[in-house]
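Peer 1: The structure under discussion is supplied below as structure tokens; questions concerning it will follow.
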Amino acid sequence: ASDYAGLKSIFANQWMRIFSLLVFIGLSWHAWLGVRNELMDYVKITSVRLSVQVLVVTALLFYLIWFVDVLWR
């Protein structure tokens, strides 16, 4: 499955797409919790912390939408 056709055949199964999506959602949630905790610990200026948190959430949502688009294209 090292070529395009092989990967295409693996992700042709609906259960594989759903499983991959669930794994990516879990990875995104884990990333959010880690970044949020680091920001809460080390960034003391509330406006800066909130701005960075909004940027991180926006980026993670963008990546999630992109991932769904790639899986179901």
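Peer 1: Listed residues VAL68, VAL23, VAL56, VAL43; which is among the β-branched types (Val, Ile, Thr), at pLDDT 95 or above, out of contact with any Leu (no Cβ under 9 Å at 6 or more places or on another chain) and open to solvent by less than 70 Å² (accessible area, probe 1.4 Å)? Walk me through how you get there before you give the answer.
Peer 2: Details: VAL68 fails: out of contact with any Leu (no Cβ under 9 Å at 6 or more places or on another chain); VAL23 fails: open to solvent by less than 70 Å² (accessible area, probe 1.4 Å); VAL56 fails: out of contact with any Leu (no Cβ under 9 Å at 6 or more places or on another chain).
Checking each option against the conditions leaves just VAL43.
Peer 1: Kindly check whether there is at least one residue in the range 4-11 that is among the small types (Gly, Ala, Ser) and open to solvent by 80 Å² or more (accessible area, probe 1.4 Å).
Peer 2: Within the range 4-11, the first condition is being among the small types (Gly, Ala, Ser), and the residues that meet it are 5-6, 9.
Keeping just the survivors that are open to solvent by 80 Å² or more (accessible area, probe 1.4 Å) gives none.
No: the range 4-11 contains no residue that is among the small types (Gly, Ala, Ser) and open to solvent by 80 Å² or more (accessible area, probe 1.4 Å).
Here's the yes/no breakdown for (1) free of Cβ contacts under 8 Å to residues at least 40 places away in the same chain; (2) not basic (Lys, Arg):
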{"residue": "LEU33", "(1), (2)": "yes, yes"}
{"residue": "ARG36", "(1), (2)": "yes, no"}
{"residue": "ASP41", "(1), (2)": "yes, yes"}
{"residue": "LYS44", "(1), (2)": "yes, no"}
{"residue": "VAL48", "(1), (2)": "yes, yes"}
{"residue": "VAL52", "(1), (2)": "yes, yes"}
{"residue": "THR58", "(1), (2)": "yes, yes"}
{"residue": "LEU61", "(1), (2)": "yes, yes"}
{"residue": "LEU64", "(1), (2)": "no, yes"}
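The values are calculated or read from the model by the stated rules, or taken from the named source; none is laboratory data. Keep in mind the model is a prediction, meaning the values are calculated, not measured. Reconstructed Cβ throughout: ideal geometry from the backbone, glycine too, with neighbour counts over all protein chains shown. For accessibility, only protein heavy atoms count, side chains too; no ligands or nucleic acids. Shrake-Rupley method; radii C 1.70, N 1.55, O 1.52, S 1.80 Å.
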